[in-house]
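To start, the structure itself, in C-alpha cells.
The values are calculated or read from the model by the stated rules, or taken from the named source; none is laboratory data. What you see is a predicted model; the values in this text were computed from it and never measured. No Cβ is skipped: glycine too gets one built from the backbone with ideal geometry, and neighbour counts run over all protein chains shown.
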Amino acid sequence: MVYVGILLLMTIGCKTDENLIQKTQPKEEFSYPELPDLDTFITEEMNNAKVPGLSACIIRNEDILWCNGYGYANIEEDRLVDSTTPFMLASVSKTFVSAAAMILVERGQLDLDAHINSILDFPVHHPHGNTDISTRMLLSHTAGIKDNWTVMGSVIVDGDSPIALGDFLEDYLTEQGSYYSSQNNFINEGVLQSRTYSNIGVALAAYVIEKAADIPFDSFCEDNIFEPLQMHDTSWHLEGLDLDLVAVPYRWRMGDWRAIEHYGYPDYPDGSLRTGAEQLARFLVMHSNGGHYRDTKIISEDSIAELNTAHYPSLDSGQGLIWYEWTLNGQRIRGHNGGDSGVSTEIGVREDGTGFVILMNSSGEGNILRNIEEALLNTADQL
C-alpha cells in the first residue's frame, strides 16, 4: 500500500552524514557467515539512497543462509537495526493473505471460485456489469475494485485504526456506505476485464477469509502462520508489538531525516504487517520449500503451485495469487514488493529456490531495491 498524503513528521537533527550507516550483527539463534564485500555494498547503497535502516536475508530452499541489519531503527534514540528488528512490510503483507486463503482451501472451508456474497455478511456487486466476484479474482487483482485514495488517505491515523475491517469495507463497497462511489471505487470496465492492482480488493479477500474461518483475520494468521513459524515478533497491529523495537519510518527532507509516526489504516491486511527480516525469511523458506519450514507444514506443495500460477493469463501472464513474476538479468523471480510512507520492502524467490528479503525504513532514492536484490542473489551463488 502506498500513501501519498501528509502524516505527522518529527525532524531529527544532526546525524545526516555517511557515518550514520554502520553494520550491526544478527542476534538470533542462527550463525551466519561474514560477508564484508556485501556489507560494504549495502552500506554504500544506503548512503547514496538516503536510507537510515535496512535488514536483509538470503535463503535457499529449506535454509536461511544469511541475515544482517544495517543502520538505525531509531535515529533519535541511537537504536541500531538487527536481523530481528520489526519493519512495516507494506504490500509484502499481501502474501500472507494468499497463504491464509490456501490454508482454508485445504481445509475445505473456502472455495476460491465461489461468489464472495455467499460468504460475506454484506453484498458486494460491481456497478458496471453482473459478473460475480470470487476470491480468486480478488487475489489476482481482476475483480474490478479500484483504490480511491481520497477515501483511503482520509482514514490513515497515527497508531492503529479504530475502524473495524468489515465496517470499512462495507462503507466502501456497498451503495448505502458512507465511502461508496460507483465511479471512484470500481473500474468502469467491470469484473475480469483487466488486471488492476487493488489494495481494497486484497483487504476484501482477507475479510472473506475472516468470515469463512469464523475468526478475525489477524487472529487466524497468528494461530495458523505466525505461531507455527515462530514469528513471535510479528503483528498486524502496533498494539501487538513492543514499539521500542519497531523500526521508525523516515523521510529524507532538506538534508535531514524526518521521522514519521507509526500509523495504521482499517484495511490493514493490504499493508500493515510488521515483522523482522529473519522471521519473514522463515515465511519465504516455507514458500520456497513446498509449504514447509523445517518440520512445520503451513500449506501443501500444490497450494504453493496455485499461488505461483497465473489464473487469468490473458489479463496478466505474470500475476499469480498475490505473488507475481519479474525478471532480473534474465532470471525469473516470483515475489512481491511493498511501499508506504517511510517504508520500502521486497521478497523474491528465484526458480532454483534461492531468495531474498529486503526491509527498509525509508522509501529510498534511485534503484536501491533492485541493486541490493541483485547483490544478494549474486552473493547467494557464492555461498
Qualifying residues in the range 159-188 (those that are closer than 30 Å to residue 241 by Cβ and among the hydrophobic types (A, V, I, L, M, F, W, C)) - the one farthest from the chain's Cα centre (by Cα): 173
Filter the range 166-188 for residues that are out of contact with any Phe, Trp or Tyr (no Cβ under 6 Å at 6 or more places or on another chain) and under 25 Å from residue 323 (Cβ atoms); which is surrounded by the fewest Cβ atoms within 10 Å (Cβ to Cβ)? 187
Among (1) under 30 Å from residue 185 (Cα atoms); (2) free of Cβ contacts under 8 Å to residues at least 24 places away in the same chain, which single condition is residue 107 missing? (1)
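Results for (1) surrounded by fewer than 24 Cβ atoms within 10 Å (Cβ to Cβ); (2) modelled with pLDDT of 95 or more; (3) within 16 Å of residue 93 (Cβ to Cβ), shown as yes or no for each residue.
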residue	(1), (2), (3)
240	yes, yes, yes
281	no, yes, yes
305	yes, yes, no
318	yes, yes, no
Residue satisfying condition, being touching a Phe, Trp or Tyr at 6+ places or on another chain (Cβ under 9 Å) and under 20 Å from residue 70 (Cβ atoms), within set 348, 338: 348
Kindly provide the set of residues from the range 195-214 that are buried (at least 19 other Cβ atoms within 10 Å of the Cβ) and either among the polar types (S, T, N, Q) or at pLDDT below 95 (or both), ordered by number. 198, 199
Please work out if residue 192 is within 21 Å of residue 320 (Cα to Cα), at pLDDT 95 or above and part of a loop (DSSP other than H, G, I, E, B). yes
For residues that are out of contact with any helix residue (DSSP H, G or I) (no Cβ under 8 Å at 6 or more places or on another chain) and touching a residue at least 24 places away in the same chain (Cβ under 8 Å), tally how many sit in the range 336-351. 2
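Given the range 301-354, what strands (runs of 3 or more DSSP E) lie entirely inside it while holding 2 or more residues that are within 15 Å of residue 288 (Cβ to Cβ) and touching a Leu at 6+ places or on another chain (Cβ under 7 Å)? Can you show your working first?
Numbers: elements: 324-328, 331-340, 343-350.
Of the strands (runs of 3 or more DSSP E) lying wholly inside the range 301-354, those with at least 2 residues that are within 15 Å of residue 288 (Cβ to Cβ) and touching a Leu at 6+ places or on another chain (Cβ under 7 Å) span 343-350.
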Give me the residue from the range 134-159 that is touching a His at 6+ places or on another chain (Cβ under 9 Å) and not in a strand (DSSP E or B) and, out of that set, surrounded by the fewest Cβ atoms within 10 Å (Cβ to Cβ). 159
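State whether one or more residues within the range 360-377 are among the hydrophobic types (A, V, I, L, M, F, W, C), assigned to a strand (DSSP E or B), under 20 Å from the mean Cα position of the chain (by Cα) and over 24 Å from residue 140 (Cβ atoms). Even if it seems obvious, please write down each step before you answer.
Looking only at the range 360-377, we keep the residues that are among the hydrophobic types (A, V, I, L, M, F, W, C), and these are 360, 368-369, 372, 375-377.
From what's left, assigned to a strand (DSSP E or B): 360.
When the remaining residues are screened for being under 20 Å from the mean Cα position of the chain (by Cα), the result is 360.
Within this subset, residues satisfying the condition of being over 24 Å from residue 140 (Cβ atoms) are 360.
Taking every residue of the range 360-377 in turn, at least one turns out to be among the hydrophobic types (A, V, I, L, M, F, W, C), assigned to a strand (DSSP E or B), under 20 Å from the mean Cα position of the chain (by Cα) and over 24 Å from residue 140 (Cβ atoms).
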Filter the range 250-271 down to the residues that are more than 17 Å from residue 163 (Cβ to Cβ) and part of a strand (DSSP E or B) and list them by number. 250, 251, 252, 253, 256, 257, 258, 259, 260
Conditions first: (1) polar (S, T, N, Q); (2) closer than 27 Å to residue 223 by Cβ; (3) free of Cβ contacts under 8 Å to residues at least 40 places away in the same chain. Residue 300 passes all but one, so which condition is the exception? (3)
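Across the range 195-242, which residue is farthest from residue 270 (Cα to Cα) among those that are part of a loop (DSSP other than H, G, I, E, B) and of a type in the set (A, V, I, L, M)?
Of all residues in the range 195-242, those part of a loop (DSSP other than H, G, I, E, B) come to 195-198, 214-216, 227-234, 236-237, 241-242.
Subsequent filtering for residues that are of a type in the set (A, V, I, L, M) retains 215, 229, 231, 241.
Working: 215: 18, 229: 21, 231: 19, 241: 18 Å.
Going through the qualifying residues, I end up with 229.
Given 314, 362, which one is closer than 23 Å to residue 40 by Cβ, small (Gly, Ala, Ser) and either in contact (Cβ under 8 Å) with a residue 12 or more places away in the chain or surrounded by fewer than 24 Cβ atoms within 10 Å (Cβ to Cβ) (or both)?
Numbers: 314 fails: closer than 23 Å to residue 40 by Cβ.
The unique qualifying residue is 362.
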Of all residues making up the range 279-334, the number that are of a type in the set (Val, Ile, Thr) and more than 22 Å from residue 206 (Cα to Cα): 4
So residue 191 clears everything in (1) in contact (Cβ under 8 Å) with a residue 40 or more places away in the chain; (2) crowded, with 16+ Cβ neighbours inside 10 Å; (3) farther than 22 Å from residue 137 by Cα except one condition, right? Which one? (3)
